[in-house]
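Q: Before we start, here is the structure in question, set down as structure tokens.
The values are calculated or read from the model by the stated rules, or taken from the named source; none is laboratory data. Because the structure is a prediction, the values reported are computed rather than measured. Here the Cβ positions follow ideal geometry from the backbone for every residue, glycine too, while neighbour counts run over all protein chains shown. Note: accessible area is taken over every heavy atom of the protein model, side chains too, but ligands, DNA and RNA are not part of it. Shrake-Rupley method; radii C 1.70, N 1.55, O 1.52, S 1.80 Å.
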Amino acid sequence: MNPNAKRISYFEYLPNNEAFKEVVARRADVDLTRMVYAGPEADNWKQLAQTHVYQVTAARDDLPRQYFAEADLLSRCPNLLAVSSNGAGYDTVDADACTAAGVLVVNQTGGNKEAVAEHVLGLMLCLCKRIMETDRYMRHTGGINRNAYMGTEIQGKTIGIVGLGNVGSRVAQICRAAFDMRVLAYDPYLTAEQCRERGAEKSALHDLMRQADYVSINCPRNKETLDLIDERCYGLMKPTAFFITTARGGIHNEAALAKALSEKRIAGAGLDVWDVEPPKPDDPLMKFENVVASPHTAGVTYESRWKMATFAAEQAIQILDGERPPRLINPEVWPAYARRFEAIMGRSVKDA
């Protein structure tokens, strides 16, 4: 190991595409180290204590709790400059604790927007055309009355998008262009004009829930969005409306959703994210024929994995070179971070 090297560390299978290693390998002054969960803990902590950029999984059920980027880990990593989530989400990172410690938090937002947006449309089509229901029936039962599985059309309907960021904006674009849908959006961080620029009408959350034929959750999981979609929200939906989420488990209340489905207050749900991932076969939501389930695979495509890995490597290099990364979650940390960067790296950041 080069004692003067810039250091990036990660666990196990991360990153999920060789593009990350290929980009980093172009820099002889950067050491990339793979750690193992089952390896000696003392060795892992020694490596993390020397690390400048910690590349961490965004999947909270995959990572042992002691390696979450929270206050305890930060206190043991005096040289840590940045925590880089491998995905668009950052469930394994306490952004507030990082800010307090003068540590940057970055994600790879936008890298999987095409994949996730396409998945949203796939769930919409499966639900309205009842594709999964007829598929299951035909595989297990002889004969079928096709009129018993009459579907609906997407054309001209209303979609309500919660979170009009990279994915939400792309969903809006596709829905308007392909299906001439009316698009409502709940996003408290955007003005009405900004929503219009992204192809949507700004709406209050409860108004959106009342009017939408499809509700698509595309916001990040944080303190403001945990349990955002609760029993009251489901109660406001039309009985003909469908609920879809490709965001993060915990944003929608699963028990309340199961209750709404059992009482036939909504027409069905497309679920890619769960409180516990993957969900068990006996999960209460898996018993409903009008639920289409996937195991957090909306963003898992060859193309998105390449883009995310490339984004992550490029941002890590930018950080180590003293540049401001483009996908910074906690920009308010920059002044404190700049002081720490100079003390650790012996030079000033390029964008003070």
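Q: Restricting attention to segment 11-61, which chymotrypsin sites (Phe, Trp or Tyr not before Pro) occupy a DSSP loop and are surrounded by at most 13 other Cβ atoms within 10 Å? Present the calculation step by step, with values, prior to reporting the outcome.
A: Numbers: sites: 11, 13, 20, 37, 45, 54; in loops: 13, 37.
Taking segment 11-61 and a limit of 13 other Cβ atoms within 10 Å, the loop chymotrypsin sites (Phe, Trp or Tyr not before Pro) found are 13, 37.
Q: Placing +1 on the Cβ of each Lys and Arg and -1 on the Cβ of each Asp and Glu in the chain, which of 256, 329, 128 has its Cα farthest towards the positive end of the resulting dipole?
A: 128
Q: Here is a further query. Just to confirm, what accessible area per residue do you get for segment 1-149 at 1.4 Å probe, in whole Å²? Before the final figure, lay out the partial values.
A: Numbers: 6720 Å² over 149 residues.
In whole numbers, segment 1-149 has 45 Å² accessible per residue.
Q: Using only Cα atoms, tell me the angle between helix 302-320 and the longest principal axis of the chain; keep it within 0 to 90° and round to the nearest 10.
A: That helix lies at roughly 30 degrees to the long axis.
Q: Moving on to the next point. Report, in cubic angstrom per residue, the convex hull volume of the C-alpha atoms of segment 198-352.
A: Numbers: hull volume 24.5 nm³, N = 155.
Value for segment 198-352: 158 Å³ per residue.
Q: Next up: Pick from 156, 87, 299: which is most flexible by mean-square fluctuation in a GNM of the chain where alpha carbon atoms under 10 Å apart are linked?
A: Top of the fluctuation ranking is 156.
Q: Radius of gyration and Dmax for the chain's Cα atoms, expressed in Å?
A: Spelled out, the Cα radius of gyration and Dmax of the chain are 22.1, 74 Å.
Q: Provide the solvent-accessible area of residue 259, counting protein heavy atoms only and rolling a 1.4 Å probe, rounded to the nearest 10 Å².
A: The value for residue 259 is about 80 Å².
Q: Between 304, 266, 284, whose Cα lies farthest towards the positive end of the dipole of segment 229-341 when Lys and Arg beta carbons carry +1 and Asp and Glu beta carbons carry -1, centred on the Cα centre?
A: Final value for the positive-end residue is 266.
Q: Moving on to the next point. Quick check on my link table: of 157/264; 202/238; 157/202; 202/259; 46/223; 157/280, which ones sit more than 22 Å apart, alpha carbon to alpha carbon?
A: Working: 157/264 20 Å; 202/238 20 Å; 157/202 17 Å; 202/259 29 Å; 46/223 32 Å; 157/280 33 Å.
Checking Cα-Cα distances, 202/259; 46/223; 157/280 exceed 22 Å.
Q: First compute the accessible area of the chain with a 1.4 Å probe, then give the percent of it belonging to carbon and sulfur atoms.
A: Values: 8200 of 16180 Å².
It is 51 percent, rounded to a whole number.
Q: Along the Cα→Cβ direction, 7 angstrom out, place labels at residue 45 and residue 150. What is the inter-label distance in nm?
A: My value for the distance between the label points is 6.7 nm.
Q: So what is the 222 nm mean residue ellipticity for the chain from helices alone, if each DSSP H run of at least 4 adds -39500 (n - 2.57) and you divide by all residues, rounding to the nearest 500 deg cm²/dmol? Intermediate results must be reported in sequence, preceding the final value.
A: Values: 13 runs with 128 residues, N = 352.
The helix-only estimate for the chain comes to -10500 deg cm²/dmol at 222 nm.
Q: Mind checking which of 47, 66, 318 has the largest fluctuation in a GNM of the chain, springs on alpha carbons under 10 Å?
A: Highest fluctuation of the listed residues: 66.
Q: Using Cα pairs under 8 angstrom and six or more residues apart, how large is the relative contact order of segment 183-308, in percent? Walk me through the numbers on the way to the answer.
A: On the way: 189 pairs, mean separation 23.5, N = 126.
Worked out over segment 183-308, it gives 19 percent.
Q: Then there's this: Given a 1.4 Å probe and heavy atoms of the protein chains only, how would you sort 272, 62, largest accessible area at the top? Before the final figure, lay out the partial values.
A: Numbers: 272 0, 62 75 Å².
Result, largest first: 62, 272.
Q: Add +1 for every Lys or Arg and -1 for every Asp or Glu among the other residues with Cβ under 14 Å from the Cβ of residue 156, and state the total.
A: Numbers: positive: 157, 176, 182; negative: 153, 180, 213.
Net charge around residue 156: 0.
Q: Show me the three semi-axes of the equivalent ellipsoid for segment 18-171, from the C-alpha gyration tensor (sqrt of 5 times each eigenvalue), largest first, rounded to whole Å.
A: Details: eigenvalues 386, 71, 47 Å².
Those come to 44, 19, 15 Å.
Q: Next question. Take every Cα pair under 8 Å in segment 34-151 that's 6+ residues apart, average their separations, divide by the length, and report that relative contact order as a whole percent.
A: Numbers: 131 pairs, mean separation 23.3, N = 118.
Averaging sequence separation for qualifying contacts and normalising by length gives 20 percent for segment 34-151.
Q: Where the centre of each part is set by its Cα atoms, how far does segment 1-65 sit from segment 118-159, in angstrom?
A: 44 Å
Q: Turning to a different aspect of this structure: By the scheme Lys and Arg +1, Asp and Glu -1, what is the net charge of all other residues having a beta-carbon under 11 Å from that of residue 35?
A: Values: positive: 34, 46; negative: 12, 41, 43.
With Lys, Arg at +1 and Asp, Glu at -1, the neighbours total -1.
Q: Placing +1 at every Lys and Arg Cβ and -1 at every Asp and Glu Cβ, with all other atoms neutral, what dipole size does segment 209-311 have around its Cα centre, in debye to the nearest 20?
A: Numbers: 13 positive and 14 negative charges, 44 e Å.
Computed charge dipole of segment 209-311: roughly 220 debye.
Q: How far, in nm, would the chain grow between residue 131 and residue 22 when pulled straight, counting 0.36 nm per residue and subtracting the alpha carbon separation? Mind dumping the intermediate values first?
A: Details: separation 109, 0.36 × 109 = 39.24 nm, distance 4.10 nm.
Stretched out fully, the residue 131 to residue 22 stretch lengthens by 35.1 nm.
Q: Next up: Less than 14 Å Cβ to Cβ from residue 114, Lys/Arg counted +1 and Asp/Glu -1: what total charge do the surrounding residues give? Could the numbers behind the result be given before it?
A: Values: positive: 113, 170, 305, 307; negative: 118, 303.
Spelling it out: positives minus negatives among the neighbours equals +2.
Q: I would also like to ask the following. Under 8 Å for C-alpha pairs, at least 6 residues apart: give me the relative contact order for the chain, rounded to a whole percent.
A: Numbers: 661 pairs, mean separation 64.5, N = 352.
It comes to 18 percent, rounded to a whole number.
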